[in-house]
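The next block holds one structure in the form of structure tokens; read it before the comments.
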Amino acid sequence: MSEVRLPPVSGRVQSLHERMTLDEKLAQLVGYWVDQGDELVAPMAGEMATSTRYEDATAHGIGHLTRVYGTRPVDPVERAAWLWAEQRRLRQETRLGIPAIVHEECLTGLAAWKAATFPTPLAWGASFDPALVEEMGRLIGESMRALGIHQGLAPVLDVIRDPRWGRVDECIAEDPYVVGTIGTAYVRGLQDAGIHATLKHFVGYSASQGGRNHAPVHAGARELADVLLPPFEMAVRDGGVRSVMNSYAEIDGVPAAASQELLTDILRGQWGFDGVVVSDYFSVAFLHTMHAVAEDLGEAGALALMAGIDVELPTGDAFTAPLAAAVREGRVDEGLVDRAVLRVLNEKEELGLLDESFDQPPTEIDLDTPAHREVARRLAAESIVLLSNDGLLPLDLRGGARIAVIGPNADAPEALMGCYSFVNHVLAHHPEVPLGLELPSVADAIRAELPDATIEVAAGCQVTGDDDSGIPAAVAAARAADVAIVVVGDRAGLFGRGTVGEGNDVEDLELPGLQRRLVQEVVETGVPTVMVVLSGRPYSIGWAIAGPTAPAAVLQTFFPGEEGGAAISEILTGRTAPSGRLPVSLPRSAGAQPYTYLHPILGGASEITSADSTPVLPFGHGLTYTSFEHTRLTAPAETSTAADFAVTVEVLNSGDRAGVDVVQLYARDPYASVTRPVAQLVGYARVALEAGERTVVRFQVPSARLAFADRRGVRIVEPGDVELWVGASCEDRETSATMRFIGPVHEVTAADGRTVSVAVAAPIQA
């Protein structure tokens, strides 16, 4: 066996490690799920449930405690008292006295009872606002730290490749730069609060065959290098993330959990990551049970450990007795165990666990403060995308207006929440337990926003199913109203308990159930109609954007969280102006998938195929209540392949209302040594302007933003022409320029910049 290189650690950690037995080492490499039951809150959790008693599992200490707050609805203060006592027990009653890391899900806020629930990550992408996402991450981290939690299993940096995949609502965008910048902002916010973020799912999970969960991935090396890996690299190099979680995927026959190339060579060797790699739940055992690359759990543990996984979560199926036997029999080098243990002990030292006394648990705590709700509302509002509008919005309603609020999601608070919200992830198993937080539905929020209006609510139909008995009453309510607001979309859940979410993949992209029929029958009344989509994926709703069955206006919202109802109502009335942009193309059909705006020429429509993959609306699309003009794009005529360059553009609010523009800078390499996308987002900026105001936006662009993997797999910047443009979406070339890279081919290194810096001049009246 080749010698295992051990990581550098402090003298304290080294001394602790030298005293450890093999059993004590392995105990630090596993978690224990104290509350694990038969609820489906993780894939195959029931089948993989450990039979080891907690007292036996922690006899030698324990690495992690799994989802202490997030598995069942427990009172946070009572649970904190238990946790503090348990950490004291680990300190006082195990030989080495090492406390446990406590990890929780935190994708849409801390997944715990009574904790604030923010918009889902797809909404983060629609906001194009990394600064606000960072602020949200910091608030989430502060709540977690107050409860004795140390590690959060977020963010998800999978780039969307197919909207049929159920986990799209956990993802940020179909563009790797948007995913990378916003995901890195979340990492900074969470880690500023003292919580270690965990990148998920490294790597390729979202590129699954047919958009099916846990399906094989057939991504080539160039797709990995240019699309799937860059967000993770940004979060490692620029965000300093401290933990990474492997993907369940197998790429070209090699499971990520057993890939030394991914987990060691790229992650640590190329990028310099020096944190801890944790397994996705049960994924080490899956090497034996699902991938069948290991004959037993001992071999599965060995493969994962050799690849670079340090901790097996949520429990110790392979890294306990099976791996211990393999080490004692000489089939696995104990140096691999030592390498992982040193990394875990180093993390515990970083987190301050080795010095914690655990003598004062919190006696009261507010996990949903006004600060949480204010950020939740701002992010929800910024993420709402106005897809179409014939002038009906904002609504001009007088005091006695009659409003019909219709649809299965109109008066359903849980419809505002994503799959990994506590409401849909856990409370769905406990219908007897109250929500634990204020969660006004869209109908509730409209009542509050328009107290003088007469509002009638009618569901019309359910999210799923074929019961049409409620449609006539809903149509009658619309016919009697001045305006109809039809709220449709998804219900998030897990493994078949919903229309979107983990394990809820689909074969078509029509609105579920009878919802399209409901909308169309309301539109046919002739009453002005607004369609509000509350969903976790983009649906094929071309019929609602144009044509005889199209509502007067369509709002797309991606699970906007606890303040989502209020944000929607304020957009409807005009108290807040829409500023969200599509972070994923609005699909033409399921048959046009997989689709990405980052396609080469052959990936788009052409005269040599009768199938059209052109989306209904493109990446970056989003209307406002005003209008913006982009002019005078400037770029240098020539620049070095190894240098930064500046691009400027003038932005004018040419309408009669204040608004926020998302300025989008795109590029295209028209001729290269390998095929390149017809459009690529280079940088973006949110710009607020009053009516008639003008400003100049300056993008400072590292040349590496236009790098790609060459035929050797090396990321390079080539000499040659580059087309640049700014517009309202990837398809809109409102103002453009051409620039030429000169000099030799530049091979990208760690020293090259990855992020575009943006400066916005002080606005002036035009």
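Residues of the stretch 725-747 with the amide nitrogen closer than 20 Å to a label point 7 Å from the Cα of residue 766, along Cα-to-Cβ, please.
725-729, 732-737
Report, for the chain, the % of DSSP beta bridges that are antiparallel, rounded to 5.
Around 55 percent of the beta bridges assigned by DSSP in the chain are antiparallel ones.
Quick one: which residues, 5+ away or cross-chain, put their amide H under 5 Å from the amide H of residue 574? H built at 1.01 Å from N.
The list, which skips near neighbours in sequence, is 395.
Restrict the search to the stretch 573-631; then list the chymotrypsin sites (Phe, Trp or Tyr not before Pro) that DSSP places in a loop and that have at most 14 other Cβ atoms within 10 Å of their Cβ. Show your work: numbers first, answer last.
On the way: sites: 595, 597, 619, 625, 628; in loops: 595, 597, 619, 625.
Nothing satisfies the criteria.
Give me the distance in nm between label points sitting 7 Å out from Cα along the Cα-to-Cβ direction at residue 397 and residue 510, one decimal.
With each label point 7 Å from Cα toward Cβ, the separation is 3.1 nm.
Subtract the Cα-Cα distance of residue 209 and residue 599 from 0.36 nm times their separation in residues, and report this length gain in nm to one decimal.
Numbers: separation 390, 0.36 × 390 = 140.40 nm, distance 1.76 nm.
Full-extension gain reported as 138.6 nm.
Determine the dipole magnitude for the chain: charges of +1 sit on the beta-carbon of Lys and Arg, -1 on that of Asp and Glu, nothing else is charged, the reference point is the Cα centre, and the result goes in debye to the nearest 20. Mind dumping the intermediate values first?
Values: 59 positive and 103 negative charges, 199 e Å.
The calculated dipole for the chain is roughly 960 debye.
Would you give the gap between the C-alpha center of the stretch 172-189 and the C-alpha center of the stretch 276-321, rounded to a whole Å?
Spelled out, the Cα-based centre of one part sits 28 Å from the other.
How long, wide and thick is the stretch 549-655, going by the Cα atoms along their three principal axes, in whole angstroms, largest first?
Principal extents (Cα only, largest first): 49, 40, 27 Å.
Any chance you could run the full-extension gain for residue 638 through residue 92? It's 0.36 nm times the residue separation minus the Cα-Cα distance, nm to one decimal.
Length gained between residue 638 and residue 92: 189.9 nm.
Give me the one-decimal nm value for the distance between modelled label points at residue 607 and residue 237, 7 Å along each residue's Cα-to-Cβ direction.
Result: 4.3 nm between the two label points.
Suppose the Debye formula is applied to equal point scatterers at every Cα of the stretch 18-355; what is log10 I(q)/I(0) at q = 0.07, 0.08, 0.15 Å⁻¹?
Here the Debye-derived log intensity ratios amount to -0.25, -0.33, -1.29.
What is the angle, in °, between the Cα long axis of helix 130-146 and the longest principal axis of the Cα atoms in the chain? Nearest 10 is fine, range 0 to 90.
The angle comes out at about 40 degrees.
What list of ³J(HN,Hα) values in whole Hz, one per residue of the stretch 238-251 in order, does the Karplus curve 6.51 cos²θ - 1.76 cosθ + 1.60 (θ = phi - 60°) give from phi, with Gly and Pro shown as x?
9, x, x, 4, 9, 8, 9, 10, 6, 7, 6, 5, 10, 10
Fewest first, what order do 248, 69 take by the number of other Cβ atoms within 10 Å? Intermediate results must be reported in sequence, preceding the final value.
Details: 248 25, 69 29.
With the fewest neighbours first, 248, 69 line up as 248, 69.
Cα centroids of the stretch 456-530 and the stretch 571-600: how far apart, whole angstrom?
20
Tell me, how many Å apart are the Cα centres for the stretch 720-763 and for the stretch 358-413?
36
Quick one: if the Förster radius is 45 Å, what FRET efficiency do residue 524 and residue 698 give, using the C-beta to C-beta distance and rounding to 0.05? Numbers along the way, then the final one.
Details: r = 50 Å, r/R0 = 1.11.
Given R0 = 45 Å and the Cβ-Cβ separation, E is 0.35.
Nothing charged except the Cβ atoms of Lys and Arg (+1) and of Asp and Glu (-1): what's the magnitude of the dipole of the stretch 131-197 about its Cα centre? Round to the nearest 20 debye. Spell out each step's value before the answer.
On the way: 6 positive and 10 negative charges, 36 e Å.
Roughly 180 debye for the stretch 131-197.
Can you tell me what share of the DSSP beta bridges in the stretch 384-603 is antiparallel? A percent to the nearest 5 is fine. List each step's numbers first, then the result.
On the way: 4 of 26 bridges.
Of all bridge pairs located within the stretch 384-603, approximately 15 percent are antiparallel.
Assigning unit charges at the beta carbon (Lys, Arg +1; Asp, Glu -1) and nothing else, what dipole magnitude in debye, to the nearest 20, does the stretch 384-603 show about its Cα centre?
Details: 12 positive and 25 negative charges, 101 e Å.
Computed charge dipole of the stretch 384-603: roughly 480 debye.
Could you work out the helix-only [θ] at 222 nm for the chain, with each DSSP H run of four or more residues adding -39,500 (n - 2.57) and the total divided by the number of residues, to the nearest 500 deg cm²/dmol? Walk me through the numbers on the way to the answer.
Details: 19 runs with 186 residues, N = 766.
Helices in the chain give a 222 nm mean residue ellipticity of -7000 deg cm²/dmol.
On a 0 to 90° scale, report how tilted helix 370-383 is relative to the longest principal axis of the chain, with both axes built from alpha carbons and the result rounded to the nearest 10.
Around 60 degrees separate the two axes.
Place the peptides 497-508, 105-116 in order of packing, highest mean first, counting for every residue the other Cβ atoms within 10 Å and averaging per peptide. Each step should come with its number before you reach the end.
Values: 497-508: 20.7, 105-116: 27.2.
Order by mean packing, descending: 105-116, 497-508.
Using only Cα atoms, find the angle between the long axis of helix 76-93 and the longest principal axis of the chain, and express it within 0 to 90 degrees, rounded to the nearest 10.
Long axis of 76-93 versus the principal axis of the chain: about 20 degrees.
Per q in 0.16, 0.25, 0.31 Å⁻¹, report the Debye log10 I(q)/I(0) for the stretch 679-735, using one uniform scatterer on each alpha carbon and no solvent.
Computed log10 I(q)/I(0) values: -0.68, -1.21, -1.38.
Among 306, 417, which comes first, second and so on when ranked by fewest other beta-carbon atoms within 10 Å? Intermediate results must be reported in sequence, preceding the final value.
On the way: 306 18, 417 32.
In order of increasing Cβ crowding within 10 Å: 306, 417.
Can you compute the FRET efficiency between residue 23 and residue 690 using 1/(1 + (r/R0)^6), with r the Cβ-Cβ distance and R0 = 60 Å? Round to the nearest 0.05.
0.35
Give me the one-decimal nm value for the distance between modelled label points at residue 331 and residue 430, 7 Å along each residue's Cα-to-Cβ direction.
4.1
By how many nm would the segment from residue 357 to residue 672 lengthen if fully extended, with 0.36 nm per residue of separation less the alpha-carbon distance? Working shown, then result.
Details: separation 315, 0.36 × 315 = 113.40 nm, distance 6.00 nm.
Full-extension gain reported as 107.4 nm.
How big, on average over all directions, is the shadow cast by the Cα convex hull of the stretch 628-765, in nm²? Can you show the working numbers first?
Numbers: hull surface 32.0 nm².
If you wrap the Cα atoms of the stretch 628-765 in a convex hull and average its projections, you get 8.0 nm².
Sorting 537, 447 on the 10 Å Cβ count, fewest up front, what's the list? Walk me through the numbers on the way to the answer.
Details: 537 28, 447 18.
Going from sparsest to densest Cβ surroundings: 447, 537.
Quote the convex hull volume per residue of the stretch 115-254, based on C-alpha atoms, as a whole number of Å³.
Details: hull volume 13.8 nm³, N = 140.
Dividing the Cα hull volume of the stretch 115-254 by its residues yields 99 Å³.
For the charge dipole of the stretch 628-765, defined by +1 on Lys and Arg C-beta atoms and -1 on Asp and Glu C-beta atoms about the Cα centroid, which residue among 722, 706, 748 has the Cα displaced farthest towards the positive pole?
Ranked along the dipole, the leading option is 748.
Which residues does the label zone of residue 734 cover in the stretch 377-414, counting backbone N under 18 Å from a point 7 Å along Cα→Cβ?
What the label zone holds, given the 18 Å backbone N cut-off, is 385-389.
Which one, 122, 90, 300, is farthest towards the positive end of the dipole of the stretch 18-355 when Lys and Arg carry +1 and Asp and Glu -1 on their Cβ?
Ranked along the dipole, the leading option is 90.
Here, each number is a calculation from the coordinates, and none is a lab measurement. These figures come from a predicted structure and were not determined experimentally. Note that each Cβ is placed from the backbone with ideal geometry, even for glycine, and that neighbours are counted across all protein chains shown.
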